[in-house]
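Structure record follows, encoded as structure tokens.
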Amino acid sequence: MKIYHFGSEYGRDIHAFGSQNLVMTRVLSSMDELQTGCMHLGPNGVVGYHQATAPQLFMVVSGSGFVRGQDNGEQPIEAGSAAFWEAGEWHETRTEQGLTAIVIEGISLNLYME
């Protein structure tokens, strides 16, 4: 067994699309274009409005905030909840208190949650 770390101190600051107080720690990728990372949004953090490059699952593991897609208004999200965006869908995330989420992106995601 080997222990790995994915805290914000192991990530890099992201400023694309007007993002603020965002650190992304890469976790894994695969040959079939699956990518997983841990997103750390600090207080008043924003993942700027942009298009998903592939289907994307955003699973909040701590904290809370708000998410929106292109076809619906802003919705609250908290630990234990997830948002899913289709490829090409415009989306944004913001938080007042901070949140941490595991983000999985890939061409062939099979979602089993309801």
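Quick notes on this structure:
- If you go through the range 29-45 and keep only what is over 16 Å from Val61 (Cβ atoms) and of a type in the set (A, V, I, L, M), you end up with Met31, Leu34.
- Any hit, the range 71-85, residues being touching a residue at least 40 places away in the same chain (Cβ under 8 Å) and either of a type in the set (Asp, Glu) or open to solvent by 60 Å² or more (accessible area, probe 1.4 Å) (or both): no
- Taking the range 1-113 and the strands (runs of 3 or more DSSP E) fully enclosed by it, the elements with 1 or more residues that are in contact with a His (Cβ under 9 Å, 6 or more places away or on another chain) are at 20-29, 35-51, 56-69, 82-85, 90-105.
- Matching residues, the range 1-31, being open to solvent by less than 80 Å² (accessible area, probe 1.4 Å), out of contact with any helix residue (DSSP H, G or I) (no Cβ under 8 Å at 6 or more places or on another chain) and at negative phi: Gly7, Ser8, Gly11, Ile14, Ala16, Ser19, Leu22, Met24, Val27, Ser29, Ser30
- The set of residues from the range 32-61 being open to solvent by 50 Å² or more (accessible area, probe 1.4 Å) and closer than 16 Å to Gly11 by Cβ comprises Gln35, Val61.
The values are calculated or read from the model by the stated rules, or taken from the named source; none is laboratory data. Every value quoted in this text rests on a predicted model; they were computed, and no experiment measured them. Using ideal geometry, Cβ is built from the backbone for each residue, glycine included, and neighbour counts are taken over all protein chains shown. Just the protein is used for accessible areas: all its heavy atoms, side chains included, with ligands, DNA and RNA removed. Shrake-Rupley method; radii C 1.70, N 1.55, O 1.52, S 1.80 Å.
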